[in-house]
């Protein structure tokens, strides 16, 4: 599987995550699935609902935000295909916490933000048995 992100949408993602720094930022990836590729067509940026003392290294999404994302995708004849979030001052690799709350099949775009600047990004898919992430090809054009 591969995740394709147009450059302008990637800039929206990173802009939202830089604005959230030094806390984690997050949002949904909405798009289309074709063959072995997920094409991101739009994002839905979210407010991190974590408690103040956890917001630096955790993101929390309320259930109604998920419902809103599903509704937005449906209105545009698209699918909810994943989540993006930042790792402030840490590598763009999924944490154990990320694994515990992830869903198989979705793409998990993680952006490393160091000192309020984007360092690098990776994308991951949870294995079917939920015990590890598999890095997927990330194509930003």
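Quick note: the coordinates plus some simple rules give every number you see, no bench work behind them. All values derive from a computational prediction rather than experimental measurement. Because the Cβ atoms are built from the backbone with ideal geometry, glycine has one as well, and the counts that use them run over all protein chains shown.
Across every pair of different alpha-carbon atoms, what Kirkwood hydrodynamic radius in Å does the chain reach?
About 14.9 Å, per the Kirkwood formula over Cα pairs.
Could you grab the relative contact order for region 2-140? Cα pairs under 8 Å, six or more apart, rounded to a whole percent. All intermediate terms of the calculation are to be shown ahead of the outcome.
On the way: 295 pairs, mean separation 36.0, N = 139.
For region 2-140, the relative contact order is 26 percent.
Along the principal axes of its C-alpha atoms, what lengths does region 15-89 span, in descending order and rounded to whole Å?
The principal-axis extents, from largest down, are 39, 25, 18 Å.
With each label point set 7 Å from Cα along the Cα-Cβ vector, what nm distance links residue 129 and residue 19?
Calculated label separation equals 4.2 nm.
What is the antiparallel percent of DSSP beta bridges lying wholly in the chain, to the nearest 5?
Details: 27 of 41 bridges.
Antiparallel bridges: around 65 percent, rounded to the nearest 5.
Give me the one-decimal nm value for the distance between modelled label points at residue 117 and residue 2, 7 Å along each residue's Cα-to-Cβ direction.
Modelled inter-label distance: 3.0 nm.
Summing -39500 (n - 2.57) over the DSSP H runs of n ≥ 4 in the chain and dividing by its residue number, what mean residue ellipticity at 222 nm do you reach, to the nearest 500 deg cm²/dmol? All intermediate terms of the calculation are to be shown ahead of the outcome.
On the way: 3 runs with 33 residues, N = 141.
Calculated mean residue ellipticity at 222 nm is -7000 deg cm²/dmol.
If you fit an axis through the alpha-carbon atoms of helix 7-20 and take the longest principal axis of the Cα set of the chain, what angle between them do you get, 0 to 90°, nearest 10?
Result, in degrees: 30.
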